[in-house]
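Engineer: Quick one: this structure, given as structure tokens, is what I'll be asking you about.
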Amino acid sequence: MNILKTPEARFKNIKDYPFKPNYCEVASGLQMHYVDEGTGPIVLLLHGEPSWSYLYRKMIPILVDGGYRVIAPDLIGFGKSAKPDEQEDYSFSNHFKWLSSFIEKTELTNIHLFCQDWGGLLGLRVAAAQASLFSTIIVSNTFLPRTGVYANDAFRKWRDFSQKTPNFSAGGILQMATVSQLDDEVIAAYEAPFPDDTYKAGARVFPMLVPFDGEDPHKEIPACDAAWKIWEAWEKPFLTLFADSDPIMKGGDLFFQAKVPGARGQAHQIIKEAGHFIQEDKGEELAPLIIEFIQHNS
């Protein structure tokens with residue numbers, strides 16, 4: 001496995017990202033970068049494709065001021081984390097192992113999880129496998145595959161685009177999936193982890209790793225079904241905060257609410273004027289809702 005590391009100079013003067021870097025070796029030679037700010041109960045923020053912890057820059061200070069220790073890792077292949085340069089190095093199972101290793105090595109416990117996009121696919125698998133480490137769950141614009149769930153047209157279009165476009169621009173993708181207009185500095189920040197296409201193997205392949213019934217070449221659906229057995233018996237507090245303008249994940253909140261016992265009676269919300277990258281559009285609105293949910297259920 002050949003591992004690339006984005007030069008630190010690429011992150012110099014990143015807008016609104018003053019957080020000091022931290023690193024954890026999650027496998028031999030694989031360093032996972034993470035933000036670790038504040039003190040108090042742990043809020044774990046998991047990003048998806050093709051973003052990084054920069055996506056949470058608006059939320060981290062609010063959560064810290066609210067009395068929480070905020071942990072926001074960059075998944076392997078993203079942000080400041082290590083980037084294997086072959087698509088074959090990436091799989092759902094490998095990401096699951098790397099994230100599980102991160103939680104174990106950083107000794108996180110009593111975790112309040114907020115997860116979006118692939119952060120949800122991975123976070124919900126990990127939380128189901130290590131249920132005793134998690135106290136509350138907040139899901140946003142994400143899902144967990146299972147038998148009987150098929151790709152919708154919006155996801156198929158995104159997956160096709162991700163494989164065929166000659167210019168896989170992380171900043172451009174963020175702009176396509178947000179309601180707000182991103183300025184040049186923000187777009188540059190999302191582009192920063194990827195100096196050229198050799199750094200994009202993980203980002204390029206991620207859409208192809210999402211398993212669906214009938215489209216599961218890596219045989220991940222059984223593991224997801226096993227996780228769903230945990231979620232269908234989950235009594236701990238579970239909240240959905242989905243966007244009103246995300247065609248790929250539309251209706252996913254109702255599925256979670258119907259299936260997860262801990263979701264009953266919670267203050268679920270649809271966030272208005274927000275796209276798939278809800279943290280970018282409405283981060284300042286999300287963070288207080290997370291604090292309110294945790295405090296209400298403590």
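Engineer: Please name whichever of Pro211, Ala170, Thr142 sits farthest to the positive end of the charge dipole of region 97-238, dipole taken about the Cα centre and charges placed at Cβ: Lys and Arg +1, Asp and Glu -1.
Structural biologist: Pro211
Engineer: I would also like to ask the following. Could you work out Rg/(2.2 N^0.38 Å) for region 52-104, with Rg from alpha carbons only?
Structural biologist: Relative to the 2.2 N^0.38 Å estimate, region 52-104 comes out at 1.36.
Engineer: So for region 1-158, Kirkwood radius off the Cα pairs, Stokes-Einstein at 4 °C and 1.567 mPa s: how many µm² s⁻¹?
Structural biologist: The Stokes-Einstein estimate is 80 µm²/s.
Engineer: Let me ask another. Expected output is a single nm value to one decimal: the length gained when fully extending between Ala188 and Leu4, i.e. 0.36 nm times separation in residues minus the C-alpha distance. What is it?
Structural biologist: Stretched fully, the Ala188-Leu4 segment lengthens by 64.3 nm.
Engineer: Follow-up. Report, in debye and to the nearest 20, how large the dipole of the chain comes out about its Cα centre when Lys and Arg carry +1 and Asp and Glu carry -1 on their Cβ.
Structural biologist: 380 debye
Engineer: Filter the chymotrypsin sites (Phe, Trp or Tyr not before Pro) in region 103-166 to those in DSSP coil with at most 12 other Cβ atoms within 10 Å of their Cβ, and list the result.
Structural biologist: When the chymotrypsin sites (Phe, Trp or Tyr not before Pro) of region 103-166 are filtered for loop state and at most 12 Cβ neighbours within 10 Å, Tyr150 remain.
Engineer: Label region 120-235 by shape, choosing from rounded, prolate and oblate, from the square roots a ≥ b ≥ c of the eigenvalues of the Cα gyration tensor; if a/c is under 1.5 it is rounded, and otherwise prolate applies when a/b is larger than b/c, oblate when it is not.
Structural biologist: Prolate, since a/c reaches 1.5 and a/b exceeds b/c.
Engineer: If you don't mind, another one. Filter the cross-link list Lys15/Lys157; Lys58/Lys219; Lys97/Lys282; Lys80/Lys229; Lys105/Lys236 down to pairs whose alpha-carbon distance in this structure exceeds 26 Å.
Structural biologist: Pairs exceeding the cut-off: Lys15/Lys157; Lys58/Lys219; Lys97/Lys282; Lys80/Lys229.
Engineer: Right, next: Show the residues, 5+ positions off or on another chain, whose built amide H is closer than 5 Å to the amide H of Ile271.
Structural biologist: Residues meeting the criterion, in which the H sits 1.01 Å from N, are Phe242, Ala243, Asp244.
Engineer: In a shell of Cβ-Cβ distance under 11 Å around Asp184, excluding Asp184 itself, what net charge do Lys and Arg (+1) and Asp and Glu (-1) give?
Structural biologist: -2
Engineer: Another question, if that's okay. List the residues whose amide H sits under 5 Å from the amide H of Ile42, counting only those 5 or more places along or on another chain, with H placed 1.01 Å from N in the peptide plane.
Structural biologist: Amide H to amide H, under 5 Å and 5 or more residues apart or across chains, Ile42 pairs with Arg69, His112.
Engineer: State the percent of C-alpha pairs, over all pairs in the chain, separated by a distance greater than 34 angstrom. Display every interim value, and only then the final one.
Structural biologist: Values: 5182 of 44253 pairs.
More than 34 Å apart: 12 percent of the Cα pairs in the chain.
Engineer: Of Thr240, Thr106, Thr136, which is the most mobile in a GNM of the chain whose springs link Cα atoms less than 10 angstrom apart?
Structural biologist: Thr106
Engineer: Restricting to Cα pairs below 8 Å that are 6+ residues apart, what does the relative contact order work out to for region 58-184? Please round to a whole percent.
Structural biologist: 16 percent
Engineer: Roughly how many percent of the accessible protein surface of region 74-155 is carbon and sulfur, given a 1.4 Å probe and a whole-percent answer?
Structural biologist: On the way: 1060 of 2410 Å².
Of all accessible area on region 74-155, carbon and sulfur atoms account for 44 percent.
Engineer: Give me the percent of the accessible area of region 204-298 that comes from carbon and sulfur atoms, probe 1.4 Å, all protein chains in place.
Structural biologist: 54 percent
Engineer: Then there's this: So what's the back-of-envelope 222 nm ellipticity for the chain, counting only DSSP H runs of four-plus at -39500 (n - 2.57) apiece and dividing by all residues, rounded to 500?
Structural biologist: Helices in the chain give a 222 nm mean residue ellipticity of -10000 deg cm²/dmol.
Engineer: Rank Lys157, Lys97, Lys200 by mean-square fluctuation in a GNM of the chain with C-alpha springs under 10 angstrom and give only the top-ranked residue.
Structural biologist: Result for the chain, Cα springs under 10 Å: Lys157 fluctuates most.
Engineer: Short version: what are the Cα gyration tensor semi-axes of region 161-298, square root of 5 times each eigenvalue, largest first, in whole Å?
Structural biologist: Here the semi-axes work out to 30, 23, 13 Å.
Engineer: At 1.4 Å probe size, with every protein chain present, just tell me what the per residue accessible area of the chain comes to in Å².
Structural biologist: Accessible area per residue, the chain: 40 Å².
Engineer: On a C-alpha basis, how far is the centre of region 165-185 from the centre of region 222-256 in Å? Whole number, if you could?
Structural biologist: Centre-to-centre (Cα) distance: 26 Å.
Engineer: If the elastic network links every pair of Cα atoms under 10 Å, which of His33, His95, His218 fluctuates the most in the Gaussian network model of the chain?
Structural biologist: His218
The values are calculated or read from the model by the stated rules, or taken from the named source; none is laboratory data. Everything numeric in this text was worked out from a predicted model, so none of it was measured. With ideal geometry, Cβ positions are generated from the backbone for all residues, glycine too; neighbour counts draw on all protein chains shown. Accessible surface areas use protein heavy atoms only, side chains included; no ligands, DNA or RNA. Shrake-Rupley method; radii C 1.70, N 1.55, O 1.52, S 1.80 Å.
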